[in-house]
């Protein structure tokens, strides 16, 4: 079952909706979340939200004032959908 | 232990693969042979955890004095399993447990609506459809700009009227009362601050309307789908599909969009997306499009603006394709899962907050960056560099420092149809912030304000004008809503008269382009869309990708913009004969 997740992601010709993956594998969403977390811990999948969160620390622009894009207060930041990427086997 | 609990325990036992089961037995036996360890942990559970490679637990076990034999047996077991499972012994164990859980759930849980398709799923079947998805995305984009332009036009005219009449009159009266009227101070405030900052502030209703529609799309969950829909065409030309997510942010502002590239895993993807993101038309460029579309394409203003946004996406995809096959080659696109939020009715509070905060940011920019640039620009326009009798504040604009610098750069833009020093000066100052382009145009043309030509008015008359014209503008805005779907409640052509600035730009562009003003105007819009991003975006690019790639972005975008504007102007001239 675990391998099927990776196979489905690899085989998809584009981003795969989490609900769609749940239907394809006939697995409950909550169970699927647990399986995905296993692969995240194993290093085969990466939760992009955590990557972006770690990186956002320094502000490069001194012209924006309190609109600094590194700040959560930046009005132009948009809540992007959560994405979970497959790490290629030959990745560093 | 009671009988039912024992029974439950027996039911929960399930076997792993035969090879693993044999090793569990061996390790369990070793644990049973270590009394202290066996007293603390259940043997089978511990054997499974150790075979799975639980490092923390292994460290704890190692502290037991009788764990030596267990660890030795464990190492032998793992060595025997290695040829069968490689490094994935844990996967085999966990997989079997999930399979067991799945089977239990299927046997024990009755889901009456297991195959029920939710309303969100039904909508997604159409909205994210491989064929229909892109036309729907384009249609929604068109609706965004149609609503933005049509609904905001009356209020835009109202602010323009207020700035040109009552505000200027009030300022003049105040200066006269302190005996500063008629001098360079009045010129600085009227020709510098009011013309510059006011020239940008008139676009507040446009920004308000744009941010309102974008906030609605964002809050209802569509923007996430837009990224999914655009993934397919991007992937087909070898780009990472996820790259479109930061690009969507770029429709608001390039700076957070550049930072949003951090969501991409590898540097190559981040760099490529960061280079492409500024091609997405940020909201600061919108005032330029609105002004030029109203001047040169008044009947098709929404279409012209919509075309700019589409062109930005198309150029980003084209440049991405080029870079993907030259400087930034990649082996294969990334694969990923996306968690799409369910559709929901937009929450008024969220929409209002986003709309207000983004518009407030635009206004803050007007009072900080644009005000500063307007004042600096006024001084540069007031300092003479040539002209026999020119003095500070009494110089022909083309003989000022700014006029001379802009005039020196103007030949670069001559093949694009806008080789006047006014246009080149606006583009130079636009490097600070894109809103400044319109502010500079308003200043360099030193527009004769309509109120100056009309009889003097009293303060009371001005106040009455502000109130009555606002009421009329609101009424016109309400009338514009049914007009978007083809119902004209006004019944008559109530198109606004071109302003002095519009007439000045039209005349100048026609002169600079040899009578092809509309083509030159279109080329100018294309140039503003694509050329070097603002200072803040350049700083963000330097921070994220380093100095070398910052220069690639700055110079590369300038070259792309020049080439695209050249094709538009010269190609258009050739086509029109």
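The values are calculated or read from the model by the stated rules, or taken from the named source; none is laboratory data. Source: prediction; values computed, not measured. All Cβ positions, glycine included, derive from the backbone under ideal geometry; neighbour counts span all protein chains shown.
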Test: residue in segment B:324-341 that is within 18 Å of residue B:203 (Cα to Cα) and either within 11 Å of chain A (Cβ to nearest Cβ) or touching a helix residue (DSSP H, G or I) at 6+ places or on another chain (Cβ under 9 Å) (or both): no
Residues (at pLDDT below 80 and in a helix (DSSP H, G or I)) located in segment B:427-458: B:450, B:451, B:452, B:453
Matching entry among B:424, B:480, B:513 (being within 28 Å of the chain's Cα centre (by Cα) and modelled with pLDDT of 85 or more): B:424
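Of everything in segment A:27-42, what is touching a strand residue (DSSP E or B) at 6+ places or on another chain (Cβ under 7 Å) and within 10 Å of chain B (Cβ to nearest Cβ)? Give them in sequence order.
Taking segment A:27-42 and keeping what is touching a strand residue (DSSP E or B) at 6+ places or on another chain (Cβ under 7 Å), we get A:36, A:39-40.
A:36, A:39 - these are the residues of segment A:27-42 that are touching a strand residue (DSSP E or B) at 6+ places or on another chain (Cβ under 7 Å) and within 10 Å of chain B (Cβ to nearest Cβ).
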Out of the residues in segment B:113-151 that are more than 20 Å from the chain's Cα centre (by Cα) and under 22 Å from residue B:294 (Cα atoms), which is surrounded by the most Cβ atoms within 10 Å (Cβ to Cβ)? B:151
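Output the residues belonging to segment B:242-253 that are outside any helix (DSSP H, G or I) and facing chain A (nearest Cβ under 7 Å).
Selection gives B:252, B:253.
Given the criterion buried (at least 20 other Cβ atoms within 10 Å of the Cβ), under 20 Å from residue B:281 (Cα atoms) and within 14 Å of chain A (Cβ to nearest Cβ), identify the matching residue among B:210, B:201. Talk me through it step by step, then tell me what you get.
On the way: B:201 fails: within 14 Å of chain A (Cβ to nearest Cβ).
Testing whether each residue is buried (at least 20 other Cβ atoms within 10 Å of the Cβ), under 20 Å from residue B:281 (Cα atoms) and within 14 Å of chain A (Cβ to nearest Cβ) leaves just B:210.
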State whether one or more residues within segment B:79-92 are part of a helix (DSSP H, G or I) and within 18 Å of residue A:21 (Cα to Cα). no
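Can you pull out every residue in segment B:74-84 that is farther than 24 Å from residue B:62 by Cα and without any contact (Cβ under 8 Å) to a residue 60 or more places away in the chain?
Filtering segment B:74-84 down to residues farther than 24 Å from residue B:62 by Cα leaves B:83-84.
If the condition is that a residue be farther than 24 Å from residue B:62 by Cα and without any contact (Cβ under 8 Å) to a residue 60 or more places away in the chain, then B:83 is the only one that fits.
Is it the case that segment B:254-274 has a residue that's in a loop (DSSP other than H, G, I, E, B) and closer than 25 Å to residue B:423 by Cα?
Taking segment B:254-274 and keeping what is in a loop (DSSP other than H, G, I, E, B), we get B:264-266.
Those still in the list that are closer than 25 Å to residue B:423 by Cα too: none.
Checked segment B:254-274: no residue is in a loop (DSSP other than H, G, I, E, B) and closer than 25 Å to residue B:423 by Cα.
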Give segment B:410-434 a look and list any residue that's touching a residue at least 40 places away in the same chain (Cβ under 8 Å) and more than 19 Å from residue B:569 (Cβ to Cβ), or say none. B:429, B:431, B:432, B:433, B:434
Considering (1) part of a helix (DSSP H, G or I); (2) over 26 Å from residue A:37 (Cα atoms); (3) touching a helix residue (DSSP H, G or I) at 6+ places or on another chain (Cβ under 8 Å), say which one residue B:98 fails and leave the rest. (2)
Among B:309, B:300, which is the only one that is surrounded by fewer than 18 Cβ atoms within 10 Å (Cβ to Cβ), in contact with a helix residue (DSSP H, G or I) (Cβ under 8 Å, 6 or more places away or on another chain) and assigned to a helix (DSSP H, G or I)? B:300
In segment B:332-371, what residues are loosely packed, with under 15 Cβ neighbours inside 10 Å and over 23 Å from the mean Cα position of the chain (by Cα)? B:332
Is it the case that segment B:371-390 has a residue that's in contact with a helix residue (DSSP H, G or I) (Cβ under 7 Å, 6 or more places away or on another chain) and within 14 Å of another protein chain (Cβ to nearest Cβ)? yes
Tell me, please, whether a residue that is over 17 Å from the mean Cα position of the chain (by Cα) and at pLDDT 80 or above can be found in segment B:219-230. yes
Only one of B:107, B:95 is buried (at least 18 other Cβ atoms within 10 Å of the Cβ), free of Cβ contacts under 8 Å to residues at least 24 places away in the same chain, farther than 30 Å from residue B:294 by Cα and within 14 Å of chain A (Cβ to nearest Cβ); which? B:95
Could you tell me whether residue B:313 is within 22 Å of residue B:277 (Cβ to Cβ) and more than 14 Å from every other protein chain (Cβ to nearest Cβ)? yes
